[in-house]
Amino acid sequence: MPDQNLTEMLDLLRQSAQSTAIHTWHAKETAHADLLREITGSDARLSDPKRLYRAYSQVYSQHCEDGYLAEIFSRIGLNSSTFIEIGVGNGLENTTRFLLEQGWTGVWIEGNPDHVSEIRHLFREFIEQGSLKVIELLATAENINAALDHINAPDSFDLISIDVDFNTSHIWRALNRTGRVCCIEYNGSIPPSAAVEVPYDPNGAWDGTNFFGAGLKVIEQIGRLKGMALVGCELQGVNAYLVSSDETGDHFSAPFTAENHYETPKYSLLAHIGHPPSPCARRWAVSRGG
């Protein structure tokens, strides 16, 4: 019994320490963001209606991707309502789950076999009905296209999302599928004018430091080669959003450069907004108006 009591006390202490750490980081990054706004006068950027800042709604995504993507597609419209997401975890918290539950169809690629097993259980209804295809794969620049060819994935999608921590830019560069919109993780630690990325290593993995991925300038450059324009980043400085250059129109803030749209990393700026996300895969009733 004493050992059990000691274990419970240690668990409580660990939980308390974790909570304190989270709140400390949150306070630090919030204060830092406020200071940057005061110094740079970026409040004017926040009020620009062509930017994406105000669209930070969050259903299942980690950094409000739900809201940013909804805003982008409200400006350019939907076409196929299809997606690819590379690096989805167990499916409960990612960029495209909300789209899937609204009736989109697409492909999830995940390298962790335990996560894939959870996906096949939690999202079996979507898989059985053909709206979701799941590929168990540790994605690399060499294998990504063959894996998509194997399931007869189409050549183009409405959305491509890539977040694999280490090799994100290399995999996106190698991908031979196109998206009208792309959501690509970038390394906000790297200045926006520095075109640098980690050297490609098919076995590379994030070590928890700021040595990962690519700077926003590299994402801008890859996008330009793919006929895409960088139209914004999240306030938290995690993902870059790109739109097909022939669809940007007058909908977004130009110039479409890293220097214009860069955001510093503020990873703990926002905890989950509102009630906890549902742990069950469900379908939303999409209103048709009237």
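I want to confirm something. Restricting to segment 132-152 and keeping residues that are touching a residue at least 40 places away in the same chain (Cβ under 8 Å) and in contact with a strand residue (DSSP E or B) (Cβ under 6 Å, 6 or more places away or on another chain), which single residue is surrounded by the fewest Cβ atoms within 10 Å (Cβ to Cβ)?
Within segment 132-152, the match that is surrounded by the fewest Cβ atoms within 10 Å (Cβ to Cβ) is 151.
Could you identify the single residue in 85, 93 that is under 17 Å from residue 239 (Cα atoms), surrounded by fewer than 20 Cβ atoms within 10 Å (Cβ to Cβ) and within 13 Å of the chain's Cα centre (by Cα)?
93
With respect to the numbered conditions (1) at pLDDT 95 or above; (2) open to solvent by 50 Å² or more (accessible area, probe 1.4 Å); (3) farther than 16 Å from residue 235 by Cβ, which one is the sole condition not fulfilled by residue 71?
Looking at each condition in turn, residue 71 falls short on (3).
So that you can scan it fast, the table gives a plain yes or no per residue for (1) open to solvent by 20 Å² or more (accessible area, probe 1.4 Å); (2) among the basic types (Lys, Arg); (3) not in a loop (DSSP other than H, G, I, E, B):
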| site | (1), (2), (3) |
| --- | --- |
| 237 | no, no, no |
| 242 | no, no, yes |
| 246 | yes, no, yes |
| 249 | yes, no, no |
| 253 | no, no, no |
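In segment 145-172, which residues are under 21 Å from residue 217 (Cβ atoms) and over 17 Å from the mean Cα position of the chain (by Cα)? Walk me through how you get there before you give the answer.
From segment 145-172, those under 21 Å from residue 217 (Cβ atoms) are 160-172; that's our starting set.
Scanning segment 145-172 gives no hits.
Could you go through segment 165-175 and let me know if any residue there is open to solvent by 30 Å² or more (accessible area, probe 1.4 Å) and without any contact (Cβ under 8 Å) to a residue 40 or more places away in the chain.
yes
Scan segment 148-171 for residues that are within 23 Å of residue 206 (Cα to Cα) and outside any loop (DSSP other than H, G, I, E, B) and jot them down.
Of everything in segment 148-171, those that are within 23 Å of residue 206 (Cα to Cα) and outside any loop (DSSP other than H, G, I, E, B) turn out to be 160, 161, 162, 168, 169, 170, 171.
Taking segment 126-177, which residues are of a type in the set (Ser, Thr, Tyr) and out of contact with any Lys or Arg (no Cβ under 7 Å at 6 or more places or on another chain)?
131, 140, 161, 168, 169
Is it the case that segment 179-186 has a residue that's open to solvent by 20 Å² or more (accessible area, probe 1.4 Å) and over 29 Å from residue 265 (Cβ atoms)?
no
Could you check residue 187 against (1) farther than 11 Å from residue 139 by Cα; (2) outside any loop (DSSP other than H, G, I, E, B) and say which number it fails?
(2)
Would you mind stating whether residue 204 is part of a loop (DSSP other than H, G, I, E, B), of a type outside the set (S, T, N, Q), on the phi > 0 side of the Ramachandran plot and open to solvent by 10 Å² or more (accessible area, probe 1.4 Å)?
When the stated conditions are applied, residue 204 does not pass them.
Going through segment 207-235 one residue at a time, which ones are in contact with a helix residue (DSSP H, G or I) (Cβ under 7 Å, 6 or more places away or on another chain) and surrounded by fewer than 18 Cβ atoms within 10 Å (Cβ to Cβ)?
227
The values are calculated or read from the model by the stated rules, or taken from the named source; none is laboratory data. No experiment lies behind these values; they were computed from the predicted model shown. Because the Cβ atoms are built from the backbone with ideal geometry, glycine has one as well, and the counts that use them run over all protein chains shown. These area figures cover heavy atoms from the full protein model, side chains too; ligands, DNA and RNA do not enter into them. Shrake-Rupley method; radii C 1.70, N 1.55, O 1.52, S 1.80 Å.
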